[in-house]
Ligand SMILES: Nc1ncnc2c1ncn2[C@@H]1O[C@H](COP(=O)(O)OP(=O)(O)O)[C@@H](O)[C@H]1O
Ligand code: SF4
Ligand SMILES: [Mg+2]
């Protein structure tokens, strides 16, 4: 995935997700997490080039016709962004905004749409009467609940949540995470949850992928990756988040100097080598593919076992 500027922000990513499964994607700011989320629904800016396959229930989102893509957004897969205030329209009542995807996709109209809005508000823990409120009348946590209700409105198969709780304080963050977890479990929806915070993901997700400089450098069962990361970058991230929601660790994790590289000027060899505490001399010239790192685990580091083949697709929940 390359932006018009020439920045290859996401490279060689292969991930798959089953219905009801929760996949976490972790990494510092600038590692390509949002670019990957936007690519999944073809929401990237014009001029961006994208290669490979993005399969949702077997259909390739990358090559889909525009009309079909429009139908798939919300109804097939929907996205929850970080800043709910910026995603909601300040001059429309939230009930109308939740109903909008239903009206566009004709999944409900009139009274049926109103009933569905009330039901969705209750599912996300808001009184149905709040449908008449404007965004500024709600707290940050309530607005994020509205965004989740909107994402659920057309019964999608997949929800992509990009830093859904980062703007919220720790108590509200925990409530929203529990809400997302409950809804995903109840409705058998696939969830891709993106965060810079490995502890949040380990607590919420089944599997965890760690991104660095646009690539997946480690993948495996969430708890194992958090407790016992195999890639030096995964280790640094997990050491950086001893507690859920530590905002100080958003950029450079503790003990790890520097920043992720600019995608238009990536270092040669392993892109992590300039920051890696255990780099070998060969790391400056030899790039590493994902290797087998134990049952259902892989990591891209010279210190980890034998090479395995990564898939080249992002698969749908079903
Ligand atoms: N529209 C864009 N044009 C060019 N480069 C971009 C654009 N959006 C993001 N980038 C670059 O792509 C890289 C990854 O960004 P992003 O996906 O937002 O990372 P993250 O979500 O992990 O913080 C960053 O270096 C960022 O500067
Ligand atoms: S391949 Fe080398 S530089 Fe890269 S993470 Fe492993 S030890 Fe560090
Ligand atoms: Mg982001």
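Rundown of residues vs (1) under 23 Å from residue 75 (Cα atoms); (2) within 16 Å of ligand 1 (Cβ to nearest atom); (3) touching a helix residue (DSSP H, G or I) at 6+ places or on another chain (Cβ under 9 Å); (4) assigned by TED's automatic domain parsing to the domain that holds residue 36, yes/no style:
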site	(1), (2), (3), (4)
137	no, no, yes, yes
145	yes, no, yes, yes
150	yes, no, yes, yes
154	yes, no, yes, yes
159	yes, no, yes, yes
187	yes, no, yes, yes
192	yes, yes, yes, yes
201	no, yes, yes, yes
204	no, no, yes, yes
In this structure, does residue 164 turn out to be at pLDDT below 90 and under 19 Å from residue 38 (Cβ atoms)?
-> yes
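Which one of these is farther than 25 Å from residue 42 by Cα, crowded, with 24+ Cβ neighbours inside 10 Å and either at pLDDT 95 or above or within 16 Å of ligand 3 (Cβ to nearest atom) (or both): 217, 200?
Numbers: 217 fails: farther than 25 Å from residue 42 by Cα.
Criteria check complete, one pass: 200.
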What about residue 58, is it within 16 Å of ligand 2 (Cβ to nearest atom), in contact (Cβ under 8 Å) with a residue 40 or more places away in the chain and surrounded by fewer than 20 Cβ atoms within 10 Å (Cβ to Cβ)?
-> no
With respect to residue 76, determine if the residue is closer than 21 Å to residue 181 by Cα, touching a strand residue (DSSP E or B) at 6+ places or on another chain (Cβ under 8 Å) and assigned by TED's automatic domain parsing to the domain that holds residue 149.
-> yes
Only residues in segment 62-91 that are free of Cβ contacts under 8 Å to residues at least 40 places away in the same chain count as the first member; pair them with residues that are buried (at least 19 other Cβ atoms within 10 Å of the Cβ), Cβ under 7 angstrom, at least 6 apart or cross-chain, and list the lot.
-> 62/54; 64/72; 69/61; 72/56; 72/61; 73/41
Looking at 179, 191, which is the one that is more than 28 Å from residue 271 (Cα to Cα) and surrounded by fewer than 24 Cβ atoms within 10 Å (Cβ to Cβ)?
-> 179
Collect the residues in segment 151-175 that are buried (at least 23 other Cβ atoms within 10 Å of the Cβ) and either closer than 15 Å to residue 41 by Cβ or without any contact (Cβ under 8 Å) to a residue 60 or more places away in the chain (or both), keeping them in residue-number order.
-> 151, 156, 158, 159, 160, 161
Checked pairs for segment 100-121, first at pLDDT 90 or above, second in a helix (DSSP H, G or I) and exposed (fewer than 15 other Cβ atoms within 10 Å of the Cβ), C-beta under 7 Å and 6 or more apart or across chains, list as 113/103
Criterion (closer than 16 Å to residue 160 by Cα, away from ligand 1 (no atom under 16 Å from the Cβ) and crowded, with 17+ Cβ neighbours inside 10 Å) met by exactly one of 26, 113, 77, 99 | 77
Kindly indicate which of 6, 20, 12 is away from ligand 1 (no atom under 13 Å from the Cβ), part of a loop (DSSP other than H, G, I, E, B), on the phi > 0 side of the Ramachandran plot and at pLDDT below 90.
-> 20
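For every residue, the table says whether it meets (1) more than 23 Å from the chain's Cα centre (by Cα); (2) over 21 Å from residue 55 (Cα atoms).
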{"residue": "65", "(1), (2)": "yes, no"}
{"residue": "69", "(1), (2)": "no, no"}
{"residue": "79", "(1), (2)": "no, no"}
{"residue": "101", "(1), (2)": "no, yes"}
{"residue": "124", "(1), (2)": "no, yes"}
{"residue": "130", "(1), (2)": "yes, yes"}
{"residue": "149", "(1), (2)": "no, yes"}
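The values are calculated or read from the model by the stated rules, or taken from the named source; none is laboratory data. Owing to the predicted nature of the structure, the values given are computational and were not obtained by experimental measurement. Please note: Cβ atoms are built from the backbone with ideal geometry, for glycine as well, and neighbour counts cover all protein chains shown.
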